[in-house]
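Q: Shown below is the structure under consideration.
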DNA sequence: GTACTGCTGATTGCATTCAATCACAGCGAG
DNA sequence: CTCGCTGTGATTGAATGCAATCAGCAGTAC
């Protein structure tokens, strides 16, 4: 009972995987789990449990937790444990203000190099989102849309920082989306369409402005629903 | 010769320090060492060595390296080793562009809450810098000046991100400072004086503009000296 | 002389093991 | 009944030891 329940599967996957990537792999798995909603903010993470799930010992798990701590997704307290990070309304607002200034910059870097193909894909994603009824699907499409619009930018830290901002606010964006659907606010979709137009015209200036407004609008909408951050 | 040369001191400090903070402590020590110029970009970091220096085993050292990797100060490659991260001219430019957009925001958050005392200190630091002849001292004062100007802002991720940007570019700022002294460029000092004035007037708009120009000017100056990034 | 192969030492990656710390239940005193 | 104390179980922190991997070099074949 104290041993792993599926030792054969564990051995199978362990031997198939390369030596020297455990920490990164575990971190990636946990990250996906958190972003996907499998863990709630404030939920405790037990090292032993994670180790068993990934067929590894606690040492690489601890390294993985350090990685996610640095990304802000997990909070570690010495001798106490680790929890999925949660945000206050204030912190979330701050991150949206950062996004408001950073993402237009990344978009500018991307605009000129975007292929027509990718812009077509963006158009499709925007249309799909407008017709989407499933919340999880909408969340995924929205993320895809924006990240794809940045995909032609070859940056190091800027893209990375923005990814962190997206990840840390992911849970609250999901909570907000539930509200948004109730309120039937279509401005999000208009923003997306305007963005695609600006990109097609290679008008970086306009694209920056539209994107800044888009993020700002979301920030203000979030501010109107402080109940999301009740914790 | 393979053992630690000062086992007594090691034991002394180990027992005096709390249990459960090793990784953070080692990370902090290595961070200071890198920022202080003790390590050069591209220099290799050996786990065993670091462990011996800090009187710990390699396990917390590995956690510390993961922390610094996430901060961008260290680069890890599986089964190969870890090195102090180095930047290309392109990456450095990118980080300065990020700073150009983010730091004015942080300064805005800080402006209203800065006490007159702190503004006086800023004035003193600006004056000291102008008279400073030692490069290391100038670097330290400049860092103090800007971080102090942000000190009244109570942010979570914004301040953190900016600190990372400062840290990752620290080595190249040091290299640039050597150039700057040769070129006798005083615009840096004028910027600082203008910044103090704006803060004293509580003119956040003006402070933002001055700071953005200040950072932009440094970025352009760095771009004129690509030889700094020869690697 | 050059390219390839196998070996050796050094270094990293991870599992195991033990020590330190904390949370909490149960008990007793006021 | 409330407050404080103590002991036990659970959980984390870190040291040790072994396996996996890599870099460099000697030796050999061509």
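Throughout, read-outs are computed from the coordinates displayed, never taken from laboratory work. Because the structure is a prediction, the values reported are computed rather than measured. Cβ sites come from the backbone with ideal geometry, for glycine too, and all protein chains shown count toward neighbours.
Q: Going 7 Å from Cα along the Cα-Cβ axis for the label, what nanometre distances separate residue B:131 from the same residue across the other copies?
A: Between copies, matching label points for residue B:131 lie 7.3 nm apart.
Q: If you split all Cα-Cα distances of the range A:7-84 into 10 Å bins from zero, what percentages do you get per bin, shortest first?
A: Histogramming the range A:7-84 at 10 Å steps yields 19, 54, 23, 4 percent.
Q: Looking for one value pair here: nearest-to-axis residue in chain A (by Cβ) for the rotation onto B, and the distance in whole angstrom.
A: Result for the A and B rotation: A:70, 1.
Q: Moving on to the next point. For the range B:170-219, max minus min Cα coordinate along each principal axis, in Å, sorted largest first?
A: 33, 18, 14
Q: What Rg and what Dmax come out for the range A:31-141 when only alpha-carbon atoms are used, in angstroms?
A: For the range A:31-141, the Cα radius of gyration and maximum Cα-Cα distance read 18.6, 53 Å.
Q: Return, ordered by residue number, the residues of the range A:65-87 whose backbone nitrogen is under 20 Å from a label point located 7 Å along Cα→Cβ of residue B:156.
A: A:65-78, A:80-87
Q: Let me ask you something else. Using 1/(1 + (r/R0)^6) with R0 = 25 angstrom and r between the beta carbons of residue B:225 and residue B:140, what's the FRET efficiency to the nearest 0.05?
A: The pair residue B:225/residue B:140 has a calculated efficiency of 0.70.
Q: Here is a follow-up. Mind checking A:58-67 for the average number of partner chain beta-carbons within 10 Å of each residue's beta-carbon?
A: 4
Q: Turning to a different aspect of this structure: Among A:73-79, A:59-65, B:209-215, B:113-119, how do they line up by average Cβ neighbours within 10 Å per residue, starting with the highest?
A: The peptides rank, most packed first, as A:59-65, B:209-215, A:73-79, B:113-119.
Q: For the ranges A:153-165, A:97-109, what's the packing order if you count other beta-carbon atoms within 10 Å of each residue, average per peptide, and put the highest first?
A: A:97-109, A:153-165
Q: Only Cα pairs under 8 Å and at least 6 apart count here; give the relative contact order of the range B:89-229 as a rounded whole percent.
A: 44
Q: Sorted from shortest, what are the nm distances separating the label point of residue B:28 from equivalent points in the other copies, each placed 7 Å from Cα along Cα to C-beta?
A: 3.4
Q: Dividing the Cα convex hull volume of the range B:89-229 by residue count, how many Å³ per residue is that?
A: 90
Q: Tell me what the protein assembly as shown gives for mean residue ellipticity at 222 nm when only DSSP H runs of n ≥ 4 count, each as -39,500 (n - 2.57), the sum divided by the residue total, rounded to 500 deg cm²/dmol.
A: Calculated from helices alone, the mean residue ellipticity at 222 nm is -23000 deg cm²/dmol.
Q: What's the average, rounded to a whole number, of partner chain beta-carbon atoms within 10 Å of each residue's beta-carbon in B:155-161?
A: Mean shielding by partner chains, rounded to a whole number: 6.
Q: Please give the average number of partner chain Cβ atoms lying within 10 Å of the Cβ of each residue in B:90-102, rounded to a whole number.
A: Taking the mean over all residues of the peptide, I get 4.
Q: Pick from B:185, B:206, B:142: which residue has the top mean-square fluctuation in a GNM of chain B where Cα pairs under 10 Å get a spring?
A: Top of the fluctuation ranking is B:185.
Q: Hey, what does the equivalent ellipsoid look like for the protein assembly as shown, semi-axes from the Cα gyration tensor as sqrt of 5 times each eigenvalue, largest first, whole Å?
A: For the protein assembly as shown, the semi-axes come out at 35, 35, 21 Å.
Q: Would you give the gap between the C-alpha center of the range A:190-228 and the C-alpha center of the range A:102-138, rounded to a whole Å?
A: Centre-to-centre (Cα) distance: 12 Å.
Q: Taking each label point as 7 Å beyond Cα in the direction of the beta carbon, state the distances from residue A:42 to the same residue in the other copies, shortest first, in nm.
A: Computed spacing set for this position: 5.1 nm.
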